[in-house]
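Report on the following structure.
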Amino acid sequence: MPASELSGPSRRTVLCGLAAALLAPGALISACSTGAPTGTGTGQPGTGAPPAPGGALAKLADIPVGKGAVVTGPNGPLLLVRASETEVKAFNAACPHAGTPVDAPVNGVVTCSNHGSQFDAKTGAKRKGPAETGLTPVTVKVADGQVLAA
């Protein structure tokens, strides 16, 4: 039977459903998103339009020190990493190898689940390829308990 006559869920739908059953739902939103607006545009994954410059990307309290989150930024997905109580570093979340969004850091390492590239969570520097460069830094600021797009 030709592929055009097959019906049912796509491969992406099946894989995302399986991953959702195994991992925390919040970590999957950006990886499985089709990019369609779904909400109020607060900058949180899956909530719609990205925030305008100066708009809130995340609540500081939602990112524990040493951890991170992938959120929707003004120009696409951003990886936010909380370096200290008052400092958040941000990187373009697109892996420089193939553009796949990277995962939030685990034990100080950011991994691209597509091809296994790894990056230092504090600096964005490449630790392991196939990516040839590190993550691109993005300027954000912290004010009033919020991480804001610069």
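The values are calculated or read from the model by the stated rules, or taken from the named source; none is laboratory data. As the structure is a computational prediction, the values presented were derived from the model and not from experiment. With ideal geometry, Cβ positions are generated from the backbone for all residues, glycine too; neighbour counts draw on all protein chains shown. When the accessible area is computed, the model is the full protein with side chains, heavy atoms only, and any ligands, DNA or RNA have been set aside. Shrake-Rupley method; radii C 1.70, N 1.55, O 1.52, S 1.80 Å.
Computed quantities for the displayed model
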read-out	value
Matching residues, region 70-95, being open to solvent by 20 Å² or more (accessible area, probe 1.4 Å) and assigned to a loop (DSSP other than H, G, I, E, B)	PRO74, ASN75, ALA83, SER84, GLU85, THR86, GLU87
Condition met for LYS67 (open to solvent by 60 Å² or more (accessible area, probe 1.4 Å), among the basic types (Lys, Arg), under 14 Å from the mean Cα position of the chain (by Cα) and at pLDDT 85 or above)	yes
Lone qualifier among ALA98, ALA131, ALA104 - being in a loop (DSSP other than H, G, I, E, B) and at pLDDT below 90	ALA98
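Quick grid of which residues meet (1) touching a Phe, Trp or Tyr at 6+ places or on another chain (Cβ under 7 Å); (2) open to solvent by 60 Å² or more (accessible area, probe 1.4 Å):
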| position | (1), (2) |
| --- | --- |
| PRO101 | no, no |
| GLY108 | no, no |
| CYS112 | no, no |
| HIS115 | no, yes |
| PHE119 | no, no |
| GLY124 | yes, no |
| THR136 | yes, yes |
| VAL140 | no, no |
| LEU148 | no, no |
